[in-house]
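Below is one structure, written out as structure tokens; comments come after it.
Derivation of every value follows stated rules applied to the coordinates shown; laboratory data play no part. From a predicted model like this one, the values you see are computed outputs, not experimental measurements. Please note: Cβ atoms are built from the backbone with ideal geometry, for glycine as well, and neighbour counts cover all protein chains shown.
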Amino acid sequence: MKTTRIAYSQRLNVGKYRALAEQARRLGRVRSEVWRRYGSVAGAGLTDRQVRDQWLAEGTHRRFEVLANAWKETVRDAMADITASRESAKAVVRRAVGRHTADPAARRRLLGLLKTNKWSGDAYLARQMRKHWRRGQNHTHNQIVVRADKHHTHVDGNGLLWLAVPGLVRRQLVRIPLNTTVAPRGTLRLILRADRVEVHYQIDAATMKTSQRPCGGATIGVDKGYTEVLTDSDGNHHGARLGRLLTTESDRTKERNRRRAKLRSIANNAARRGDQAKADRISQNNLGSVKRDRQAARHRAQVRTEIFTAVHRVVDKATVVVAEDLTKTFAGRKPLGRDTNRRLAAWTKGVTAEALASVSERRGSALVHVNAAYTSQVCHRCGCLGRRAGDRLHCTVCGVVWQADVNAAINVLQRHGDPDITLRTPHNLVKQIVQTRANRHRSRLPLPDFSPALLSEERIIRKSHPDQV
Ligand SMILES: [Zn+2]
């Protein structure tokens, strides 16, 4: 799969911009000529190479006063445009053929003629193509197509990236200062607009770095975990190494603090005895911060990588990611350990929030925040409050044991579009709604409408947040 990337230039000086604009104008005439001569039946079946040979034989190319490569690439590009317009007309005609005849042999014959561009010999097809393939015209006079081997980039002493492309004179390159540090590759399409150049180029999605890959197509709920970064509503766990990374770091920190406390007391005792030299040696050699800080930085980097990778895995399949708003500091849904653990947990929560926002933004998926109150306690199937036992949730009504985090992720997904529980519905009201739904389920009554008329509390909420309905 290919995607187009665009690099923008800085504002060019007048002379340089004019030279490029002039080249684009002349190449626009090349395009117009291609459309005029090959934009209809006459061009069907011709390749851009045949057109080039024809022009070289006739001397047509000399009229345009551009370099050989520039007009050849432009012919290729314009022929591709014509093919695209013809193929879109064919799609309409193929459907018409289906309506025109039910005879399989006749259909096959017509579709075959269409595919091999031999429709003009058949009266019906010729009529259909004339009807649906309007003769096009070139309107492009501000583009220059540059072949992959005709441009190069270099970085100057100030770190500025320059793109060198051919101008109107042989061996005299035009250097364009770019507003990016990523060098464009492959065939380039330069589009001139308002003293700047847009550099369009294609990259293969498969060879792209993860952060540039397009997102998936599903709507996925995620639950933030502790032993893994995220669990999604499909039942997949992402970032399973997180728990071990955090435990290792927490254990190491505790052990180190214990040892340092001991050394500090030895140093203090020495100082009290008057052995200042020993005290200084200990504080210098054993209580420094260089190694400690380096280890902490490495740990932070490992955790960030684990978290971002996990979020990328989710966005690989999701166009909408539904999650709890992790930037909010609620009282934790799960009991937290002693201080080190609490600190690490709060920090990873922040990194996860950052990763969800930034990866979604870069890869074009939408991040939807929902109210996650009680999502870890409610059975996603019947809506009853279940019994938690470790990583299991036992629903006494369904008699089913769910994996707690998967169940939570499904509940989070279901909160997306929940008519009653919005992002700002208070915790106690969520509980009331959850319990009412569970009771209705138990007694098999139809679900009530939690409309403002029924719940005074809800009405107050909606009044104070008119945007939240
Ligand atoms: Zn249940």
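Quick notes
- Cα gyration tensor shape of the chain, rounded if a/c is under 1.5, else prolate or oblate by comparing a/b with b/c: oblate
- Each residue of segment 131-148 was assigned a 3J(HN,Hα) from its phi angle through the Karplus curve 6.51 cos²θ - 1.76 cosθ + 1.60 (θ = phi - 60°); the sequence is 5, 9, 10, 6, 4, x, 9, 7, 10, 9, 10, 10, 10, 10, 9, 10, 5, 3 Hz, with glycine and proline shown as x.
- Folded to 0 to 90 degrees: helix 290-317 orientation relative to the chain principal axis, Cα: 50 degrees
- Electrostatic bookkeeping for Glu58 treats Lys and Arg as +1 and Asp and Glu as -1; over the other residues with beta carbon under 13 Å from its beta carbon, the sum is +2.
- Nearest-ten-degree value, helix 48-58 long axis tilted from longest Cα axis of the chain: 30 degrees
- Label separation (Lys291 vs Glu198): 5.7 nm, computed from points 7 Å beyond Cα along the C-beta direction.
- Remark: for residue pairs Lys291/Lys349; Lys254/Lys278; Lys262/Lys349; Lys224/Lys291; Lys90/Lys118, the C-alpha separation exceeds 22 Å in Lys291/Lys349; Lys254/Lys278; Lys262/Lys349; Lys224/Lys291.
- Within-12-Å neighbourhood charge of Ser365 [Cβ basis; K, R +1; D, E -1]: +2
- Residues whose amide H comes within less than 5 Å of that of Ser233, counting only those at least five positions distant or on another chain, are Gly221 (H built at 1.01 Å from N in the peptide plane).
- Dipole-positive endmost among Thr227, Leu173, Ala194 within segment 136-293 (Cβ charges, Cα centre): Thr227
- Each Lys and Arg contributes +1 and each Asp and Glu -1, all at the Cβ; summed about the Cα centre of the chain, the dipole is approximately 700 debye.
- Restricting segment 1-104 to chymotrypsin sites (Phe, Trp or Tyr not before Pro) that sit in a DSSP loop and have at most 14 other Cβ atoms within 10 Å of their own Cβ leaves nothing.
- Between the helical axis of 404-415 and the longest alpha-carbon principal axis of the chain there is an angle of about 60 degrees.
- Gain upon complete extension [Gln403, Gln302; 0.36 nm per residue less C-alpha separation]: 33.6 nm
- Amide H to amide H distances under 5 Å link Val400 with Cys395, where only residues 5 or more positions off or on other chains count and H is placed in the peptide plane.
- Taking the chain and dividing mean pair separation by its residue count, relative contact order in percent (alpha carbons under 8 Å, at least six apart): 14 percent
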